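J.: Pasting a structure here, questions to come.
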Amino acid sequence: MKILIVDDEVPFLNLLKRYLELWGHECVTAMTGQAAMELLREGGYDLVLLDIFLPDVKGYDLIPSFRRHLPDIDVIAMTGYNTRALESAVRQQDVLFYMIKPFEASQLKEILEHLVKKKAIAAS
C-alpha cells in the first residue's frame, strides 16, 4: 500500500516509516496538515496514518478534506493525548482505527495485513 504518515514528532515519524517500509509499504511523510493536504492532492494513497494534534490544525478536522479528494481513503487516527470526548469526535469522522500512542508495532502490522487482504478481495 502507499501510505501517508502525518505526525510532527520526528522520532516517531521516522520509526513508523521504517517499520512500514520493512513490511513492504511505500511511505510518504508530512509534519503539518498543510503539507499532508498538498501530498494527498497528488493522489495514489491507500491509507493515511494521522496524528490528531498537529502544529497547524487538529488532524480530525482534515479528514473531510481528505475524503473530498480521495473518497475511499482509509484513515487511522493516532494520539498520545486521549480523552473520551476526543475519541468520540474522531470516531465520528469514520476513521478505520483510533490508536493511542505509544502502541505496539505488531498491533499496527495486524491492522495493515487485514486491510491489504480486504483491498485485495475488493479488487477481485
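None of the figures in this text is laboratory data; all of them are computed from the coordinates on show. Fair warning: this is a prediction, and the values are worked out from it, not measured in the lab. As a convention, Cβ positions derive from the backbone with ideal geometry for all residues, glycine included, and neighbour counts pool all protein chains shown.
J.: Please give the Cα centre distance for the range 50-124 versus the range 18-41, rounded to the nearest Å.
T.: Rounded to whole Å, the Cα centres lie 13 Å apart.
J.: Report the label-to-label distance for Met1 and Asp56 in nanometres (one decimal), using points 7 Å from each Cα along the Cα→Cβ vector.
T.: Result: 2.5 nm between the two label points.
J.: Oh, and also: Please work out whether the chain counts as rounded, prolate or oblate from its C-alpha gyration tensor, where a ≥ b ≥ c are the square roots of the eigenvalues and a/c under 1.5 means rounded, while otherwise a/b larger than b/c means prolate and anything else oblate? Intermediate results must be reported in sequence, preceding the final value.
T.: Numbers: a/c = 1.27, a/b = 1.17, b/c = 1.08.
Judged from the Cα gyration tensor, the chain comes out rounded (a/c under 1.5).
J.: Also: Among Ser124, Gln93, Trp23, whose Cα lies farthest out toward the positive end of the dipole of the range 20-124, if unit charges sit on the beta carbon of Lys, Arg (+1) and Asp, Glu (-1)?
T.: It is Gln93, whose Cα lies furthest towards the positive end.
J.: Through the Karplus equation 6.51 cos²θ - 1.76 cosθ + 1.60, θ set to phi - 60°, convert the phi angles of the range 85-101 into ³J(HN,Hα) values in whole Hz; use x for Gly and Pro.
T.: Karplus-based 3J(HN,Hα) across the range 85-101 equals 5, 5, 4, 4, 4, 5, 4, 5, 7, 6, 6, 5, 9, 10, 10, 9, 7 Hz.
J.: Further question: Indicate the gyration tensor shape class of the range 68-124 (rounded, prolate or oblate), computed on the Cα atoms with a ≥ b ≥ c the square roots of the eigenvalues: a/c under 1.5 is rounded; otherwise a/b larger than b/c is prolate and the rest oblate.
T.: Note, shape of the range 68-124 comes out oblate.
J.: For the range 1-122, what is the charge dipole size about the Cα centre, in debye to the nearest 20, if Lys and Arg each add +1 at the Cβ and Asp and Glu each add -1 at the Cβ?
T.: Details: 14 positive and 18 negative charges, 55 e Å.
With only Lys, Arg, Asp and Glu charged at Cβ, the dipole is about 260 debye.
J.: In the range 18-42, whose amide N lies under 18 Å from the spot 7 Å out along Cα-to-Cβ of Ala89? List them in ranges.
T.: Residues 33-34 qualify, since their backbone N sits under 18 Å from the label point.
J.: Only Cα pairs under 8 Å and at least 6 apart count here; give the relative contact order of the chain as a rounded whole percent.
T.: Relative contact order here is 22 percent.
J.: List the longest stretch of the chain that has no exposed loop site; here a site is one of the GluC sites (Glu not before Pro) assigned by DSSP to anything other than H, G, I, E or B, with at most 15 other Cβ within 10 Å.
T.: The longest uninterrupted stretch comes out as 10-103.
J.: Next question. Would you calculate the separation in nanometres between label points at Asp8 and Lys117, each defined as 7 Å from the Cα along the Cα-to-beta-carbon direction?
T.: About 3.7 nm, to one decimal.
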